[in-house]
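J.: Please see the structure below; I have some questions.
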Amino acid sequence: MNPLIDFTTKTIDELLELNKEYTQKLYNLNGNNPIYNQILSLRDSVQAEYHERMQLQIHKDKLKQDKAQVLEIGEIQSEVIDLDQPDEVKFINSVAQAYMDKHNDTDSKN
C-alpha cells in the first residue's frame, strides 16, 4: 500500500477510474520495467479498497434485511421446581451460617 496516496478518501467511481487507468498503464509497460511493479502495487491497493467497500455494503444490506424480517417460532411454558435439600445439607448450611453470623458480630464490635 502506498503511504502517499489515501484511497479511502476516494469515491467508488474514482476507484473504478483509477483501476482502469492503472490497468491501461500496465498493458503499455514491459514487465521488466521498474515502474511496472509500482503501478501494479497501486492497482492492487485500489482493488483492495474497492473490494473492501463492496463487502461492507453487502454486509450492511444483509443487516437491513435481517432486521426487517422477524421469525416467530412459537411460545414456551416453563415451571421452576426447587428440590428439597437433604437434612445433612440443611444442617451444614445452618452451621456455616451460624459461624458467619458469629464472625460478622465480632467484626462489628471491633
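The values are calculated or read from the model by the stated rules, or taken from the named source; none is laboratory data. Remember, predicted model here, so these are calculated numbers, not experimental data. Note that each Cβ is placed from the backbone with ideal geometry, even for glycine, and that neighbours are counted across all protein chains shown.
J.: Is at least one residue of segment 62-76 loosely packed, with under 10 Cβ neighbours inside 10 Å, in a helix (DSSP H, G or I) and at pLDDT 90 or above?
T.: Looking for residues that are loosely packed, with under 10 Cβ neighbours inside 10 Å, in a helix (DSSP H, G or I) and at pLDDT 90 or above, one finds none in segment 62-76, hence no.
J.: Any chance you could count how many residues in segment 25-36 are surrounded by 12 or more Cβ atoms within 10 Å (Cβ to Cβ) and assigned to a helix (DSSP H, G or I)?
T.: 3
J.: Another question, then. Just give me the residues in segment 1-23 being part of a helix (DSSP H, G or I) and either surrounded by fewer than 11 Cβ atoms within 10 Å (Cβ to Cβ) or among the basic types (K, R) (or both), in sequence order. Before you say what the answer is, go through the steps one by one.
T.: Step one: of segment 1-23, the residues part of a helix (DSSP H, G or I) are 7-9, 12-23.
Matches in segment 1-23: T8, T9, D13, K20.
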